[in-house]
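Written out below as C-alpha cells is the structure these notes cover.
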Amino acid sequence: MSIKFLILISRQGKVRLTKWYTTTTQKTKSKITKDLTTLILSRRAKMCNIVEYQDMKIIYRRYASLFFVIGIDNDDNELMGLEIIHRYVEQMDKAYGKVSELDIIFGFEKAYYVLDELLLDGKVQESSKKEVLKRVLNQDDLEGSEEFDVLIN
Amino acid sequence: MSIQFQSSNVLARLKPFGLSFEKSLTDLIKGIRQHSKESSESLAQFLDNAIVECKNELSSNDMETKAMAVLKLAYLEMYGFDMSWCNFHILEVMSSNKFQIKRVGYLAAIQSFKNEKDLLILATNQFKKDLNSHDHVHIGLALSGIATIVTPNLSKDINDDVLMKLNHTKPYIRKKAILAMYKIFLQYPESLRMNFTKVIEKLDDDDNSVINATINVISEISKKNPKIFVNYLPKFFRILEESKNNWLIIRILKLFSCLSKVESRMKKKILPSIIDLMVKTQASSLIYECINCILSSSMLSPDSSRDREVAELCVEQIEKFFEAGDPNLRYMGLLALINIVESFPVLIKFKGSWVANTIILCITNDDLIIKRKALEVYQYLINDDTMVDYTRVILKNLIPGSVPDTLKYDIVVKILSSGAMNNYGHIPSFSWYLSVLKDIVTLTLLPNANDILAPEIREKIAVELGKEFKNLSIRIPSIRSDILAIISEFIMNPRILDDCPSLLKDLYWIMGEYIDQLEDEESTLGKKIQLFNCLVNVRVDRVLELNDKLNFEVARKLVNHENTEILTVLIPFLVKLFSSIVSDYTNAYGEQGQLRHKKVVELAFDLDKLVYFLGCFENHLHYEIQERSLSWLEFLKLCFESLDVAEEVKKMEIEEVEYYKNIGDEDEDEDEGEDDEGEESSEEEQEDYIELSSEDEEPKETESEEQVDENPQSFAVEIPDTLDTVPMLLTHVLPTFFKSYDLPPISKSSQKSIPPPEFDLDSEINSPKFELFSDVEDSDTEEEEPVEVKEEVKKEERLERIKYDPYYINDTTSKPKTKKKKEKVESTEIPEKKVKPKKIKKEKVLILDVEDEEVVTAAPVKKKKNLLMIDSSNLDNFDLSVETSTEDDIDLSALRNALEKEKVEVKEKKVKKAKKKSKSKGKEAKDTKQDKDKEAKEGKESKEKENSKETEDKEGQESQDSKETEAVNSHSSSPSPGVVVPVKKSKKKSRAIIH
C-alpha cells in the first residue's frame, strides 16, 4: 500500500493541502491537481469514490465541503485507501477538535503533522488510532513546554 | 499540565513569538482569501508582495522570523510557487534546537527538497545530528525527513545511522526506521543485501506497529523481487494466523499474491485459511483482498471442480457487495467479478446468470467509471442467446448525449469485436448485424449537428466501421448485396464526406470490388448510374456556375477534398464502376454483341464525364492521386476515341446543362416559398434525373417516346438507330484490369508466411524476361480462356517469374483457399450463419497472442526512466545470493593500482622505447629470417626480464592484483549485471596497463 499523493480540494475547487510522496515536477503536479479537481467535482454523490486516472487509482471522499483525494497504485486495495482517508479525517477531527475547512486553512501545519504521523512516505506507519494522536499531541506539548520554559527563564 | 496550557488562549497570548508567528501566517492566508475574491491580478500582486516580504524576513538574523517566513513559503508552495530557492534557509531552520522551529524546518524540507548536491551534503550532516539526538522526537522528525528526501548518495551515507535505529528502545522510532530503510533500499540496493536478516528480524518485534511496518516494507520489495522472501513463508503464515489486525492481514495477502508468482506450491497450505478468513470476516476490504489474492495468485484452475466451487463461493461473497447498495462496494464487487469471469467464463451463467445480469446492470449504470469497467468483460457475456439483447443494451449508449465521446468509441469497438467473436459465430442473422452497423453510423457519425462527436473520435470510429464493412463483405459473400445497398447510401451522402471521410476509404473499395453484386429493386443499372453521376458529374454545376444548391454536391466536394487517402481509392473505384456499367449495358441491350447507337452515345457520355472528373486531378499535388488519375486518363481517353461519337456527346452535354438549368429555375420559383429545403431539393433533382436515366434502360419504345417529349430534337432526329459494335477496349480489356483474380480472405498468419519481396535495385529493370512476361499478359487479357487451356508449363513459368514480383501475392497460398470458398458459396445457399473455415480464425487468434507478447517484452525498453523519480526499479533483478561486495572499494583500489602502475609504466616505457628502437635498427640491417628470430628471442627475454623486475619491485602490489582478480571471479558468476560491469572494466584497465 503506497500512497502517491494526497490533495485536499474544496467544493469550490480550491486546493487546501497537498502532499506528494513521489518526486514530481511542478508542472505535472498542477496538471494532476487540475485534472482531478474537474474530474471529482463533476461526480455526483451516488457515484463511486474510485476513479481511474492515468496509471493509478484515485480515491476520494467528501467530508462537509472538503474532498480528500489520494492516488494509489492500481493493484492496491481501494477500500484500504478509503479507510486511510477516513482515519486521517478522524484524527484531524480529534487533533483540532471538530475540524472544519477553516481550521485546515489556517492551521495547515497541524494537518501536515497529523498526516506525517499517520503516513510515512506514503506508507501507513501507524494503524492504531490512539497512537497517532498521542504523538501529535506529544509534539505539540513539546512546543508548548519549550515556550513555557522560555517564559520561566 | 501542558495540555491545559495548550488548549487555553492564555498560552497563545503568552507566547512571545507565537503570537506574531500566527498572526503573520493568518494575515497571509486572509490576504489571499480577500484578494482572490477581488480579481486574479490583485491576487497575483498580493502574492508577489508576500514573497518579497518572505525574502526579506529570511535574511533576518532572528531564527523565529526565519521560521515564520519558511512556513509561509511552505503554504505558498501549495499554490504552485517554487520554494527551492530558499532551501538553504530551510536547512538553517532545521538546525535549530527548538523543536517548534525544527519542526517547521522539516515540514518545509519535505515539501521542497529535491536532488541538489550541495544542499544534500549539508543536509546529510543535519540528518545525522538529529538521528543521533538523545530526544526521540527529533529522531522521529529526521526519519520522516530521510524517508522523503533520500537520494542515492544520501542513502549510502546515512545507511548505518538509520540501521542503528532499528534497535531503538522506542517502537515509535523502530517503525519509522524500518520504513525509512525501505527508501534507502530503493536507492542503495547493496544495503538490502547486507541487512536482509535485520529486516527479517523485525518480524519478531514485540510491537505490532513495527511488525506492520516491516510487512509493509517486505510486501513492497516483493512486488519487485518475490524470490528472496520465499524461505520465510512459514513466518508470514504464522503472522497471518495470529494477527487480528485487518490492515496487517491485507498486506500479508498482498505479499502472498506476489510470492505465489515464484512459489506455486504454497496454494495447498494457504488456500484453506484464506477461504476461512473470507467467510468469517465482516470487513469488505478483507473479503475483497481474499478474493483478489486467490485469483491473482492463480490458485484456481478452471478444470478442477473443487476450484470451481471455491470460485462460486467467491461469487457468493461478491453478491453481498452488490446487495449493500454502496457505490464503492459495487465498484469493488465488479472488479472482483471481472477477475473471476476472466478465469472462469463458465460462471457467467452461475445462479441463474446472476453474474451476467449484474454486469449488464453495471453497464447501464450512470456512473461512467462503473460503466467503463463493466464494458471490459462485455465479450464474456455474449453467446447465441444474448447477442441481440445485450447489443441493444449497449447500443443505447450511443444515443447522443448519453455518454462522453471517448466511451462511445470504446462501445463501438466492443460491439464490433463481440460481433466478430468466434468468427461471427454468435450473430443470429447478418441482416440484423448490418442494421446494427447502420445504426452505429447514424448514431455516431451522422447525428444532429449539435450532437456531433469530436473529430478525432469520429475519425477513429469511422476507421473501425470501415474495417468491419470490409471484413464482412470479403468474408461473407451472401450478404454482399445488402452491404452494397447500405454503402451506396453512405457514399451518396455529402455529410459523410464532410464529417468522416475515413469511412469512405473502405466503402469505396468495397463498392468497386463487388460492384457487380449490387442489386436494386427497380433497376440495378439505374442505381449504378445514379451513383456514378453523383460522384462524377462535376461539369454541370461548373458550367451553370452554381456555388450552392449544387445538383451534384458530392462530386463537387470530392474534387476539392483534402483527404488524399480516399481520393486514391476513389479513382480505381470509379473506373470499376464504369466498367460495370459498360458490361451491364452490353448485357441488357446487347444484340449479338452490338449495341444500338443511342446506347453507345450514352456510354460515351458517361465516359466523357469520368474523363472530365479525373481531369480535375491531373495536376493534383499528391503524387499518388496524380499518377493514378493520369494513367487511367490515358486509357479512358483511348476508349473514348475508339467509340467515335464525340459530336453526339457534345450535344448531350449541352442538353444536360440545359435540363439542369431549367430545373434550377423552376426550383428557384418554388424555393421562394420554402427556403430551408436546400439540400433536399437538390437530392430530389438528382432523383429526377436518375429516374430519367433509369427509364433509359427500360424497353426501348416507351422510353424513347418520353425522351422525344423532353428533348424533341436531339434523340429523334440526330441519332440514327443503328447497331454499333462496342470497342474491345471497353468490353474486354477494361474488365480484365479488375476481374482476372478473385480476392479471397487471407488470415494474418498466412499473409505473414508470404516471403517479403527482395528488391534488387542494382539489376536492370527492363530485362528480356520481363518483356516475355508482359507478352503473356497481353495475350491473357485478350483471349483469356485459350491461354488457360494451353500448357500448364507456361503457367508454371509465369509463377516462377512472379514469385519475387512485389505486386503479386504468392499464388500457392491463395489458390487452394479460393477453391474452398467457391465451393462454399455454391453449396451453402445462404445458411443464416455463414461461417468461414474455422482454421483461419484460430490462426488469427494465435497471432494476436504472439503480438501481445512482443508488446509486453518491448515495453520495458521503451519505458523511460525519470531521473528525479524515486521508484523501485533499482530492485529489478536484485539478487540476494550475491555476496555483499563493496563496489566503491574495488573501484578505488583498482584506481589506486592503476595509478601506481602508471608510474611504473612510464618508467618501463622509456626502457621499451629504447629497445624497440634497437629492434627496428636491427631489422633494417639484417634481412635473413634467422636473424629476425634471434631478435625476437632477445625481445622476449628482455620482456621477461622486465616482468621479473616488476614483480620484484612491486610484490605488495601484485598481491593486491591477485586479490582483485579473485574478487572479479566471484563477481563474474553473479547474475547481476550492474555489479559485474564496473569490475570488469577495472580488470581490463589493469590488464592493459600490465601488458
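Each value in this text was obtained by applying a stated rule to the coordinates, not by laboratory testing. Source: prediction; values computed, not measured. Reconstructed Cβ throughout: ideal geometry from the backbone, glycine too, with neighbour counts over all protein chains shown.
Among A:22, B:151, the order by Cβ neighbours within 10 angstrom, fewest to most, reads A:22, B:151.
Across segment B:562-632, Cα pairs under 8 Å and at least six residues apart give a relative contact order of 39 percent. Suppose a student asked you for the relative contact order of chain A, using Cα pairs under 8 Å spaced at least 6 residues apart; what percent would you report? It rounds to 23 percent for chain A.
Remark: for residue pairs B:371/B:408; A:134/B:183; A:123/B:176, the C-alpha separation exceeds 18 Å in A:134/B:183. Take B:239-251, B:262-274, B:722-734 and order them by the average number of nearby Cβ atoms within 10 Å per residue, most first; the result is B:239-251, B:722-734, B:262-274. For segment B:184-242, the tally of Lys pairs with Cα-Cα distances below 18 Å comes to 4, considering only residues 8 or more apart or on different chains.
Pairs with C-alpha atoms separated by more than 26 Å, drawn from the list A:57/B:72; A:34/B:117; B:414/B:438; B:175/B:269; A:57/B:267, are A:57/B:72; A:34/B:117; B:175/B:269; A:57/B:267.
Derived scalar couplings between HN and Hα for segment A:46-52 equal 7, 7, 6, 8, 10, 10, 8 Hz in order, rounded to whole Hz, by the Karplus curve 6.51 cos²θ - 1.76 cosθ + 1.60 (θ = phi - 60°), x for Gly and Pro. Each residue in A:60, B:433 was given a count of other beta-carbon atoms within 10 angstrom of its own, and listing them fewest first yields A:60, B:433. Considering only A:114, A:48, A:70, the residue lying farthest towards the positive end of the dipole of segment A:3-152 is A:48, judged by Cα position with unit charges set on Cβ.
Within chain A, the whole DSSP H helices whose Cα atoms reach 18 Å or more along their own axis and whose mean Kyte-Doolittle score is at least -1.0 are A:26-41, A:78-92, A:129-152. Proximity of backbone amide H atoms, modeled 1.01 Å from N, is registered between residue B:382 and no other residue at under 5 Å, excluding neighbours fewer than 5 places apart on the same chain. Peptide A:77-89 is shielded by partner chain Cβ atoms: per residue, an average of 4 of them sit within 10 Å of its Cβ.
With unit charges on the beta carbons (Lys and Arg positive, Asp and Glu negative) and the dipole taken about the Cα centre of segment B:320-375, which residue among B:348, B:322, B:337 sits farthest to the positive side? Farthest along the dipole direction, towards plus: B:348. Here chain A is assigned +1 on the Cβ of each Lys and Arg and -1 on the Cβ of each Asp and Glu. Its dipole about the Cα centre then comes out at about 1000 debye.
For each pair in A:31/B:37; A:14/B:102; A:130/B:156, compute the distance between the two Cα atoms and list the pairs where it is over 31 Å. Exceeds cut-off: A:130/B:156. Taking other Cβ atoms within 10 Å as a rough exposure proxy, B:389, A:116, A:121 sort from fewest to most as B:389, A:121, A:116. Size descriptors for segment A:3-152: radius of gyration and Dmax over Cα atoms are 16.1, 56 Å.
Extension gain, residue B:751 to residue B:548: 0.36 nm times the residue separation minus the Cα-Cα distance gives 68.3 nm.
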